[in-house]
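To start, the structure itself, in structure tokens.
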């Protein structure tokens, strides 16, 4: 889908090349993550693909076409582009922002409007609420969702993403990453993704390109990169204990226990007592008739006075979702100081739970 | 919304009432024959018309030229012109407005046209400078996003740069407007007409009723026009 042939970029004659003789092939449907320290040439490489930067030497093919022979405006209209945090147009509404490329392509109004609705639904924002808002009225995470929706607007086959989740807090970032992986599963775009965070690279990529000083050091699947790092530099990036990094590769749904001990809030406290004694992790989940998570009960709660479970239960804090990586789930556990994480779907319905022990076992399986 | 517009209408009407009411009263109640001869209804209306025309024509021309050149010197190809052009206009601005009028009288002769041209030149600066600053002030990552998504330079100018710079440009237009109303009172010295005529004549014959009429009209006109432009500014930004 995207081929880079001996691509070199020298900004000023006499300077060391920012990108040196790069050869790379990105297959259709792949998410190729360019990762490396700042100044390694990853952003330059990405921007050469849509000709925001012109290569000094070499040829880049997108979909078989030599990009230097295509009108750059036409080329870019067919490549989605997201940059870090902002880049949203502050004077335009959310709908207008998303409609940017369709409007450049002169789509009819009704088609644009339909597409905006569809995309807002896709990124999980209610069109009725968000359509007319301005970017400044949105949180960082919501703005980033709009950035993703905007780059998908004209359904381009290729997406370029420059640290799209860089400026977010860790919890929001993990959530958006999971959402984006879910979306990508449906849309199957060819993606070039730039990040300096190796953990993000392992989580998001189907291929990872490690770059250093303008050169491609290693280009492999995340699994191969972790198991057979090519040299010291790659080892330094992924860390010595690659089984720990594998936590980014495994998903919660691979090890989830789908038969959690549950009670309803109406049941007597004696019922929960039995369940707690039988429970491996010392927690019982309280759900309503729709399996929606309402609370948790731990042994200490039994000392409270009350006859019904609802009177003694606590807020469920340690929650994660099925798309999350084991690393995400583990950090939720560590943050809350608990040995378990409750897994819910997007409607807060309980899917199951995982324990610290399960994560440890998963680690040993891979070692 | 309704309250906001009601308020705007109210203040505009008060300023308009001063602009019309004060000269009206003085024309109707002249203190002596000298004032009666100098302050005729036709004379006052003509002076006001000339003044508004001096202001309007020179400001419109200054907007076209100032915004035009302001845009031009932000284009990469012409950016080298920016310091040169801004400096020339800056120097022009430091010359007193009466001197500018005198210089152009020497070149173009007396009359209304010369006055319009001199005031126009004099008011370009703030519009040019603000257009330049407004466009250059658009965040680079916004421009890069626009470029990366496939907008052409012209479309970026039209849909991103100008809308985002509009508030700053409007502030420049307001400054120019105030400068223009003031400079137009001097047009009378080169036979350009305007409210300055009433002031200067009133001073010559030492009738405060007369020169105050011209002064209050010029002052209230400046405030009224600035107020109207502030409404435009608030509506576009």
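Here, each number is a calculation from the coordinates, and none is a lab measurement. Computed from a prediction, not measured in an experiment: that's the story for all the values here. Because the Cβ atoms are built from the backbone with ideal geometry, glycine has one as well, and the counts that use them run over all protein chains shown.
If R0 is 45 Å, the Cβ-Cβ spacing of residue A:111 and residue B:84 corresponds to a FRET efficiency of close to 0.40. The spacing between region B:218-237 and region B:21-47, judged by their C-alpha centroids, is 27 Å.
Answer rounded, prolate or oblate for chain A, using the Cα gyration tensor with square roots of eigenvalues a ≥ b ≥ c: rounded when a/c is under 1.5, else prolate when a/b is larger than b/c, else oblate.
Judged from the Cα gyration tensor, chain A comes out oblate (a/c at least 1.5, b/c at or above a/b).
Stretched out straight at 0.36 nm per residue, the stretch from residue A:3 to residue A:118 would grow longer than its current Cα-Cα span by 38.2 nm. With both residues required to sit in the protein assembly as shown, DSSP beta bridges show an antiparallel share near 60%. Dividing the summed -39500 (n - 2.57) terms of all DSSP H runs of n ≥ 4 by the residue count of the protein assembly as shown sets its mean residue ellipticity at 222 nm at -16500 deg cm²/dmol. For region A:63-132 versus region A:288-307, the inter-centroid distance based on Cα atoms is 46 Å. If the chain linking residue A:91 and residue A:291 were pulled fully straight, counting 0.36 nm for each residue of separation and taking away their Cα-Cα distance, it would gain 67.7 nm.
Legend: calculated FRET efficiency, residue B:144 to residue A:314, from the Cβ-Cβ distance at R0 = 41 Å, rounded to 0.05, equals 0.30. Compute the relative contact order of chain B as a whole-number percentage, counting only Cα pairs closer than 8 Å that sit 6 or more residues apart in sequence. For chain B, the relative contact order is 30 percent.
Counting only alpha carbon atoms, the long axis of helix B:162-184 and the longest principal axis of chain B meet at about 20°. The angle between the Cα long axis of helix A:170-187 and the longest principal axis of the Cα atoms of chain A comes to about 70 degrees, rounded to the nearest 10. Based on alpha-carbon centroids, what's the gap between region A:174-197 and region A:1-25 in Å, whole number please? Centre-to-centre (Cα) distance: 26 Å.
Considering Cα pairs under 8 angstrom that are at least six residues apart, work out the relative contact order of chain A and quote it in whole percent.
16
Each label was represented as a point 7 Å from its Cα along the Cα-to-Cβ direction; for residue B:13 and residue B:94 these points are 4.8 nm apart. At a Förster distance of 45 Å, what's the computed FRET efficiency of residue A:300 paired with residue A:183, Cβ-Cβ distance as r, to 0.05? Here the calculated transfer efficiency is 0.65. Note on A:107, B:5: ascending count of other Cβ atoms within 10 Å places them as B:5, A:107, the fewest first.
For helix A:109-122, what angle does its Cα long axis make with the longest principal axis of chain A, in degrees from 0 to 90 and rounded to 10? Approximately 50 degrees, to the nearest 10.
For A:264, A:320, A:279, A:305, the sequence from fewest to most other C-beta atoms within 10 Å is A:305, A:264, A:279, A:320.
Within a 10 angstrom radius of each residue's Cβ in A:88-100, how many Cβ atoms of other chains show up on average? Whole number is fine.
3
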